[in-house]
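What follows is calculated from the coordinates using simple rules that are stated; it is not laboratory data. A quick note: this is a predicted structure, and the numbers were derived from the prediction, not measured. A quick note on method: Cβ atoms are made from the backbone with ideal geometry, for glycine too, and the neighbour counts reach across all protein chains shown.
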Amino acid sequence: MKPLIIYYSYDGHSDFIAKELSRLLDADILRIEPENEKKYSGFAKYFFCGMGALFKKNILLKTNNEKIEERETVIIGGPVWGGAPAPALCAFLKQTPLAAKKTGLFLCHLSKPGQAMQTLKSLIGEGTKLIAEADFINPDAKKTEAFKDKLDVFAGKIKNAIS
């Protein structure tokens with residue numbers, strides 16, 4: 001069965017990575033969608049989104065996670081806000097059991113990686129087999145070549161683990 005890439009994207013950076021991974025892995029995609037998501041720009045975006053992550057804002061989701069139960073392999077990713085995974089990503093992981101699944105994780109940052117990956121790992125649960133992880137610094141669809149090597153390595157680790 002095909003892997004499933006599950007991701008949340010606010011500005012499109014994680015969307016770009018998820019779609020490139022889908023192409024490389026021949027994987028299906030499931031986008032995490034929060035209910036009543038507000039879109040901010042400029043300083044307000046960094047302030048409100050960062051505060052939501054910092055204070056672990058609880059988010060209601062409208063994402064249907066029925067596709068996940070039948071999958072053996074899932075790749076989960078999204079943005080980092082204020083040094084933590086986006087609240088929608090955390091809410092999804094808290095609401096969705098992943099036990100006994102092979103799991104890959106990716107995060108998109110504007111700056112260097114911090115503790116966000118450790119936080120994400122703590123949310124995937126016991127019994128989950130972590131097969132690959134990757135941090136992408138400021139990914140941009142207009143600069144695909146800049147991320148090609150890192151995407152290829154990440155996808156290669158996943159392919160090796162599921163073959």
Note on ASN138: of the conditions (1) surrounded by fewer than 13 Cβ atoms within 10 Å (Cβ to Cβ); (2) more than 15 Å from the chain's Cα centre (by Cα); (3) more than 21 Å from CYS90 (Cβ to Cβ), unmet is (2)
Give region 106-163 a look and list any residue that's polar (S, T, N, Q) and within 18 Å of THR96 (Cβ to Cβ), or say none.
THR119, SER122, THR128
Give region 117-147 a look and list any residue that's touching a helix residue (DSSP H, G or I) at 6+ places or on another chain (Cβ under 8 Å), closer than 17 Å to LYS19 by Cα and part of a helix (DSSP H, G or I), or say none.
ALA141, THR144, PHE147
State yes or no: is SER111 in contact (Cβ under 8 Å) with a residue 12 or more places away in the chain and either over 25 Å from ILE68 (Cβ atoms) or hydroxyl-bearing (Ser, Thr, Tyr) (or both)?
yes
